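The values are calculated or read from the model by the stated rules, or taken from the named source; none is laboratory data. What you are looking at is a predicted structure, and each value in this text was computed from that prediction instead of being measured. Cβ placement follows ideal geometry from the backbone for every residue including glycine, while neighbour counts extend to all protein chains displayed. Protein only, heavy atoms only, side chains kept; ligands, DNA and RNA dropped before computing areas. Shrake-Rupley method; radii C 1.70, N 1.55, O 1.52, S 1.80 Å.
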Amino acid sequence: MAVAERARLGTLGWRRLAVAAALADVVVFLAYGLGRGDRESLAFAVLTLAGAALLRFRPGPVALLVLGALFVNVQLWMFPAANGNASNRVGLLDVLIPASLVAFSLAGLVGVVGAGLHRRDPNAGNGVAGTAGLLVVVFVATSLALVGVMTPARSREAPPGALLVETRNVAFDPTALTARTGKVTVAVRNRDLFWHTFTIDALKLDLKVPVGRLRSATVEARPGTYRFSCRIPAHAAVGMRGTLTVR
C-alpha cells in the first residue's frame with residue numbers, strides 16, 4: 001500500500017504539469033535568447049521562471065492566474081508565428097522554436113485549468129495530467145506538420161527596388177533609409193521571435209510583419225524626413241525607431 005501511494009504521488013499531476021511546461025518554455029526562451037542575442041526572449045524566460053517558482057513554492061489562486069496569463073500571452077504571440085512559419089517554410093529551426101512554445105504553453109494551460117478546478121487537492125490529476133500534456137504536444141506537432149505539407153511554398157524575396165529592412169533583437173536594421181520622391185516600396189523581414197510593425201504615421205503606412213516572414217508595401221512619398229517605428233507596446237521605447245529620407 002505504501003509503495004502504491006508513493007508511486008501515485010510521484011506521477012505528474014495538474015500542478016506539476018503546469019510547472020514542468022513553464023520550465024520547458026524557459027529552456028526554449030533561454031536557448032533562443034542566448035543563441036540570437038534576443039533580449040525579449042530572455043525577459044520572457046525570467047518572467048516564466050518566476051511564475052513557475054511562484055506556483056511551485058507558493059501555490060494558490062494568484063500563482064495559477066500569473067502562470068495562466070503567461071501561457072495565454074505566449075499562445076497569442078507564438079501560435080501565429082508557428083503557423084506562419086510552417087506555411088511559409090522558413091526553415092526547421094524557425095518552425096520548431098515557436099511550435100515548441102505553443103505546445104508547451106498549451107500543455108501548461110491545461111495543467112493550470114486542471115489545478116484550478118482541484119485547488120484543494122495538490123495531487124489532483126496524477127496519472128492523467130502527464131498523458132494529457134503529451135497528447136497536446138503531439139497534436140500541435142502534427143497540426144503544424146500538416147500545415148507545412150499542405151500549404152504551397154510562397155516567395156520570400158523582396159520586390160525589385162524595395163528598401164529592405166530586417167528586425168533583429170528588437171531593432172530595425174538599418175535605421176536610416178533613403179529614397180527618391182514618388183512611389184517608395186519598403187520590404188521588412190522579421191527575424192525576431194515576436195511580431196513587429198513598420199509604421200510611418202505621416203504616410204499612413206502600418207505594415208504588420210509576422211515572425212519569420214517578409215511583408216512589403218508601396219506608398220507615395222513627397223520629399224522630406226519621415227520617422228518609422230514599431231507600434232507593438234514598448235518596442236519603440238527600447239529602440240525600434242528610424243528615419244526615411246525622401247529626396
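Residues that are assigned to a strand (DSSP E or B) and more than 25 Å from Pro80 (Cα to Cα) were ranked within region 202-221; the one that is most open to solvent (accessible area, probe 1.4 Å) is Glu220. Criterion applied to Thr199, Thr225, Thr185 was being in contact with a Lys or Arg (Cβ under 8 Å, 6 or more places away or on another chain) and assigned to a strand (DSSP E or B), and the one residue passing it is Thr199. Residues in region 1-29 that are open to solvent by 70 Å² or more (accessible area, probe 1.4 Å) and either at pLDDT 90 or above or part of a loop (DSSP other than H, G, I, E, B) (or both): Met1, Leu23, Val27. Give me the residue from region 184-220 that is in contact with a His (Cβ under 9 Å, 6 or more places away or on another chain) and among the polar types (S, T, N, Q) and, out of that set, modelled with the highest pLDDT. Looking at residues that are in contact with a His (Cβ under 9 Å, 6 or more places away or on another chain) and among the polar types (S, T, N, Q), I get Thr197.
In this entry, Leu65 is excluded by the filter for residues that are open to solvent by 40 Å² or more (accessible area, probe 1.4 Å), at pLDDT 90 or above and under 30 Å from Ala221 (Cα atoms).
Evaluate region 95-102: report whether one residue or more is modelled with pLDDT of 85 or more and either among the hydrophobic types (A, V, I, L, M, F, W, C) or over 14 Å from Leu23 (Cα atoms) (or both).
Of region 95-102, the ones modelled with pLDDT of 85 or more are 100-102.
Subset that is either among the hydrophobic types (A, V, I, L, M, F, W, C) or over 14 Å from Leu23 (Cα atoms) (or both): 101-102.
Among the residues of region 95-102, at least one is modelled with pLDDT of 85 or more and either among the hydrophobic types (A, V, I, L, M, F, W, C) or over 14 Å from Leu23 (Cα atoms) (or both), which makes the answer yes.
Restricting region 133-156 to residues that are surrounded by 11 or more Cβ atoms within 10 Å (Cβ to Cβ) and either among the β-branched types (Val, Ile, Thr) or more than 23 Å from the chain's Cα centre (by Cα) (or both) leaves a set whose member that is modelled with the lowest pLDDT is Thr151. Cβ separations smaller than 8 Å between residues 6+ apart or across chains give the following pairs from region 37-60 residues that are closer than 16 Å to Gly111 by Cα to residues that are of a type in the set (D, E, K, R) and open to solvent by less than 70 Å² (accessible area, probe 1.4 Å): Thr48/Asp25; Leu55/Arg15; Pro59/Arg15. A Cβ distance below 8 Å, combined with a sequence gap of six or more or placement on separate chains, defines the contacts here; from region 166-195, residues that are farther than 19 Å from Leu101 by Cα and among the polar types (S, T, N, Q) reach residues that are assigned to a loop (DSSP other than H, G, I, E, B) and open to solvent by 20 Å² or more (accessible area, probe 1.4 Å) in the pairs Thr167/Arg191; Thr178/Arg247; Thr181/Arg222; Thr181/Pro223; Thr181/Arg247; Thr185/Pro159; Thr185/Gly161; Thr185/Ala162.
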